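Working notes for the structure below.
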Amino acid sequence: MADLSTREIVSQCSTLQDDEITVLESIYPSHINFHPNPTNKPGRLLTLTIPIALATQTTVQLDTSSGPSASLDLSRLPPLSLRLVLPATYPLEGPPKPILLRAPLPSGEKAGNWLPWSVLKEVQDKLVDLWTEEKDSCGEGMGVLWKWWDWVGNGDFLSDMGMLKGYTLEFSVPPMLTTSAFHTSLKSYNAGQIHSDFEQTAFSCSICLENRKGKSCVKMPSCGCVFCTPCLNSCWSLAITEGTLESVSCPSVSCVKQRALRDRIGASEDEVEASLVESVVGKELEERWEELKERRKAEIGEYKESRGLADLVDPTYTVCPRPMCQAAVPPLSHPPASKESSASSRVIRLSEISSSSSSPSVSPVTPSVPAEERWERYRVCPKCNYSFCLYCQATWHGPHTPCAFPQTSLIVTEYLSYPEGSEGRRKMEARKGKVNLERMVAKWEEDEANKKWLEGSTRACAGCGVRVEKSHGCNHMTCGRCNAHFCYRCGGAIKPTDPYKHFNTPGTSCYMKLFDPEEVARFERETAAAGGEDFREFRGVWDW
């Protein structure tokens, strides 16, 4: 090095500086800013803006003068801004000269930093120390901008400065900001950077198998799977149109399998937010999706977490009886209070009054129904504000008036109890009309036949109660409406993760009865008719 002239050293240093800056600009094209040098002083004046991306999501504790006040999880921190001069003899003969290192607040305040000045001074001095260490170890100066950039950009300087304690970063709240403002500023910057990184990254859609930038994709919040927006729009739009709410979730093969094997209690883990659904399918289909969700609560009930198990279907949810509404109606959280005292309330009949004067015996007191229980059947539709009774579905008739259920079955029963052509039938036909009575009888007989067939030929789903008829196959059933697993023999619920344990537990009524004897006999007959050689056409019977 001593054999080289000053001009040669400057020429070599200029080449090395160009190479080092070119590498940095190729990786961070918008983070290096060169400043003009109007007086043609030797060296280059530039500003480095270094974004900080932590290796993993880290908990940040915000400290004030009175102690810790708030915490949040971050993976991106606001950038540091360093203004420095590269001398003409850098990197061979002299180190870079830092002028000012700042940590500007992400919310735009120009008067403060999110790191203390003492920490910034130590980080700034590290740049010169790195050059000195490289020269001592190698015998000559070397470029250190990239090494220093990597030390800052990966967040390693936070540990070296003593700010990382265990797995928690400790930041002091800047004096010009409140804790809530500093918390919001850091959180907003973190979310914005993660979103920006996602938009600039290319992903392979699992549906169309094409590579697309993140700005044209959607990332599922629960599992992290990524799909292009057109594919997910087609998938979710079809699901909402057909009413299959379970399909408005991640459509990847692995996630679909996990949902099929998971207990119903875990269904809420995969539920997507309304804002995400609206961004994919639009406002109109999102509103239909919300409506279907509310209807589903009324139709099959709401499963809640209780000690790690799913509760029974909630029968207090219902549907508004008005044909033009049909919205889901939840139970009232605070039923109207009764003005009467339940302790002194009592039903008094005229027969008791008339008999009290002639008989000294005391009539038994009829137990009264508590006022709270009488108000349990009161419902108000949140959509149309229609007040009605949960039991009879009629307009609310008050807590004391009994429900007026339809008397059709009683009328038909009375009409059929009279012999054909009798005086009783003629009187009812004259009062209500023979055609009307015959129509009521036909409808009643049809309903009774349907009930008899449903009870004898179908089984109710253990999850939503919909009736299911088995044509052939095993007794392990999966409801096509709510995806609940149940036994067709006994109607009991089956755990999806181990469905055949129900049929392999000794002492139960369904032990060793996955297939009914009639199903086994049918299979044997068809196998014998086929000569026992080809079983492929009967494979569906045993495909369980």
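The values are calculated or read from the model by the stated rules, or taken from the named source; none is laboratory data. Predicted, not measured: the structure shown is a model, and the values here were computed from it. No Cβ is skipped: glycine too gets one built from the backbone with ideal geometry, and neighbour counts run over all protein chains shown. These accessible areas exclude ligands, DNA and RNA; they are computed on the full protein's heavy atoms, side chains included. Shrake-Rupley method; radii C 1.70, N 1.55, O 1.52, S 1.80 Å.
Assorted remarks:
- Across the range 200-209, computed HN-Hα scalar couplings (Karplus, 6.51 cos²θ - 1.76 cosθ + 1.60, θ = phi - 60°) run 8, 9, 8, 10, 9, 6, 6, 9, 8, 6 Hz from first to last residue, x flagging Gly and Pro.
- Amide hydrogen neighbours beyond the local backbone of ARG379, cut-off 5 Å, H modeled: PHE388, LEU390
- Exposure rank, largest accessible area first [ARG377, ARG212; 1.4 Å]: ARG212, ARG377
- Values of log10 I(q)/I(0), in the order q = 0.18, 0.19, 0.21 Å⁻¹, for the range 10-147 under a Debye, Cα-only, solvent-free model: -1.13, -1.22, -1.39
- Taking amide hydrogens as placed 1.01 Å from N in the peptide plane, the amide H of TRP114 sits under 5 Å from those of ALA103, LEU105, each at least 5 positions away in sequence or on another chain.
- Under the Karplus curve 6.51 cos²θ - 1.76 cosθ + 1.60, θ = phi - 60°, whole-Hz ³J(HN,Hα) for the range 376-392, x wherever Gly or Pro sits: 5, 8, 7, 9, 10, 5, x, 8, 10, 6, 7, 9, 8, 9, 5, 7, 9
- Take every pair of alpha-carbon atoms less than 8 Å apart whose residues are at least six positions apart; their mean separation over the length of the range 415-532 yields a relative contact order of 14 percent.
- For the range 142-255, the ratio of Cα radius of gyration to the globular rule of thumb 2.2 N^0.38 Å stands at 1.56.
- In order along the range 229-237, the Karplus-derived 3J(HN,Hα) couplings, from 6.51 cos²θ - 1.76 cosθ + 1.60 at θ = phi - 60°, round to 4, x, 5, 5, 4, 5, 5, 6, 4 Hz, and Gly and Pro are given as x.
- Amide H contacts of THR318: VAL329, each under 5 Å away and 5 or more positions distant or on a separate chain (H built 1.01 Å from N in the peptide plane; Pro and chain starts excluded).
- Accessible-area value, LYS215, 1.4 Å probe, nucleic acids and ligands omitted, Å²: 150
- Here the range 115-173 is treated as a sphere whose radius is the Kirkwood value from Cα pairs; by Stokes-Einstein at 37 °C and 0.692 mPa s it diffuses with a coefficient of 261 µm²/s.
- Charge dipole of the range 21-140 about the Cα centre (unit charges at C-beta), most positive-ward option of ILE52, PRO91, PRO106: PRO106
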